[in-house]
Amino acid sequence: MLSGCLNKEKLLRKNEFLLYSQKIEGNDKIATDDLEPFYRQQSNKRILNLPIMPYLWIYYQGSKLYNEDKVKKNIERVKNRYNDRIAAADVNSGKYERLKHRRDRKLDKYETQLEEGNFWMRIGEPPVVFDSLLSKQAAEQMRFYATTKGYFDATSSYSFKLDTARRTAKVVYKITENQPYKIQDTSYVVDNSHIDSLLRASVKNSPIKPGDIYDEDNLNLERERIDKLLKNNGYFNFNRQYVEYRIISDTVVTDALLNKIAKDEDKLVEVETVVNKPAGQAQHTLYKLDDIYFTTDANTPGGRIRAGRRDTVEYEGVHYIGYNTKRFSKKILNAKLLMRPGDLYSLQRTIETQRVLSSLDIFKFANVYYDTTGNKFTARINASPLEKYTVSDEWGVTVSQQLPGPFVDLTFKSRNVFGGLEVFETSVSAGIIGQAGYSDNNQVYASQEINATASLVFPQIFFPTKVRFKFNRYSPRTRLLAGFNFNNRPEYRRVNLKAGMNYTFQKDIKHSFTISPVDLNLIYTPSVTAEFDTTLRKLKDQGSNLYRSFQRSFVSSLSGTYTYNDNITGQTKEARYIRAFAESGGTTLNILDWADPSFRGDSLQGAQLYRYFKLSNDFRYYLPAGRKSSWAFRVNVGIARPYGQSTVLPYERFFFVGGSNSIRAWPPAV
């Protein structure tokens, strides 16, 4: 496929060679993946590093059908055909617009062909002709990159080998890193006592450390750190351009330094971090908030609510603006604002305020900007409310156990139910799922499942003390919920009535917590097939307690979940996901035992009671394997155990594996 393309003068002119391959040698500390982006040319794609270039072949086949002169004639033909007709038409008529649209559409088609070739040429790849000048530039850029990593004495070169028979060129880049320079000492040069004290108090957080190899990436990180530090402490107009560095390489090495960070042969530099003054000013200005204005219905036409101008109402130092200032609870909104008049400007509190307001599911957006006119520093918050009522639906088909099954999800949501930013949501879902039979895994059955839930979410923590106000910066929520689940399998029918309450917190985009102090479930199995009942009895005779999981039961528990996730979609970087879960079942029964020593039963009004604990941890690790791919590792472990008079877990508390999101070699829900 390669030789058939390169014999054509149409693709390669005299003395031209196809760039066949490139590689980098000699680098020991600097990763090849970090140097490859400096290639100024990328060779044509090959299959498994073999001399097979499918995209080049497609381009070549398309070029044989391409006639540039014909394309130019088509362009002139279209112009001649339409220009006179367009000139004769009335400029304000529909005919004029239609003729222009047709002409422009045809011209775009032919001009694309003139610039990029025909359809097959655009799908394929044009030949990448080796250019020694571009290779020289790439080698120099690799050397410069090495200097930014502390290898100031690095050298680079390139060589190439031409294959005159196959008309190909192979390029080899040689990188010699030599000895890196280490940081001997760091210091700050600041003509502002307040800024100087902030920097020195936070020096332990600096990525520039004595003894480390010099790295300009760390200098950039330090520049960003200083920028955020000062913006979080009142310096609204500060930016990273004010931070510069002085690199001093002619340093004197003391015996103490040699013992601490360096060896006799190490090369050392000093790094001075300079914070410059603003042009024409004696100092950087420190900003304090004078006023806060919160518009709760930004981008909302007045006529949709009521005619007239917006009103302004002040509540505890915050000015609320809106056509209906009583629409939202100002007390709750105030609790969500992490800033007050008199506070120093803080970028972090600004971002957190936006995050907290956006997480309420009340506003489409919540933006914070600052006004410095009139010798005042004013925070202006603009929020646009979502529709009070929304209905959503989802229909589709899932395939499980090679059996397609339809499903439907319907959701109704009502916002700001009582005026305190509450959200009421109810949803109903139904579906048919392919599932392996319990007694015969080779037999596939269609099971039906119906779920209905209703929840009411409050934007604060329900707790009988002022402690509930301590969590406002963590987007606290209290959710009251009730639900119903019906599962119809060939072996049995099972019903679960559920009620509960949970608290959720989000420390930041990475950390979240859920605490469920109340989780009540009434579970019963209205019907069981004779075959399945016989199976349960046989297992009972063998010592298994599985039959108890299908008796009427009442399950109460409290649980907590912690989730950490620093994986960013679309980025190839080292990342982790952790989900730790802990649950204690029957805790209230233990309280009853303590309050009434005579209460030792394992049933109540004919319902089976359970005491158990359950722990699980889902850990995932993503390790980059290049610029566009990663290795993904997952460990999911857990333990659950009944205690006291309970000898078996509730069926819903079992661990299940199998299916597309678990161990695929096993069927779902084994």
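The values are calculated or read from the model by the stated rules, or taken from the named source; none is laboratory data. Everything quoted here is computed from the prediction, not taken from an experiment. Ideal geometry is used to build each Cβ from the backbone, glycine not excepted, and the neighbour counts take in all protein chains shown.
Quick rundown of the values:
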read-out	value
Residue in the range 458-475 that is more than 28 Å from the chain's Cα centre (by Cα) and closer than 24 Å to Pro650 by Cα present	no
Failed item in (1) farther than 22 Å from Gly420 by Cβ; (2) under 28 Å from the mean Cα position of the chain (by Cα), with Asn375 passing the rest	(2)
Failed condition for Gly396, given (1) more than 23 Å from the chain's Cα centre (by Cα); (2) closer than 30 Å to Lys288 by Cβ	(2)
Residues satisfying the stated conditions in the range 62-93, i.e. in a helix (DSSP H, G or I), surrounded by 14 or more Cβ atoms within 10 Å (Cβ to Cβ) and touching a residue at least 40 places away in the same chain (Cβ under 8 Å)	Gly62, Ser63, Val71
Candidates Ala366, Ala379, Ala335 - the one that is hydrophobic (A, V, I, L, M, F, W, C) and without any contact (Cβ under 8 Å) to a residue 40 or more places away in the chain	Ala366
Condition broken by Leu48, with the remaining ones in (1) at pLDDT below 90; (2) surrounded by 10 or more Cβ atoms within 10 Å (Cβ to Cβ) satisfied	(2)
Unique match (being at pLDDT below 90, more than 30 Å from Phe412 (Cα to Cα) and not hydrophobic (A, V, I, L, M, F, W, C)) among Arg304, Arg380, Arg310, Arg349	Arg310
Unmet requirement for Leu219, which otherwise passes all of (1) modelled with pLDDT of 95 or more; (2) touching a helix residue (DSSP H, G or I) at 6+ places or on another chain (Cβ under 8 Å); (3) farther than 25 Å from Asp343 by Cα	(2)
Residue under evaluation Pro341, criteria (1) in contact (Cβ under 8 Å) with a residue 24 or more places away in the chain; (2) assigned to a strand (DSSP E or B), criterion not met	(2)
Conditions (1) part of a loop (DSSP other than H, G, I, E, B); (2) assigned by TED's automatic domain parsing to the domain that holds Ser43; (3) in contact with a strand residue (DSSP E or B) (Cβ under 6 Å, 6 or more places away or on another chain): number failed by Pro210	(2)
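Quick grid of which residues meet (1) under 16 Å from Glu449 (Cα atoms); (2) of a type outside the set (Ser, Thr, Tyr):
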| position | (1), (2) |
| --- | --- |
| Ser358 | no, no |
| Lys364 | no, yes |
| Ile381 | no, yes |
| Ser384 | no, no |
| Ser392 | no, no |
| Trp395 | yes, yes |
| Pro406 | yes, yes |
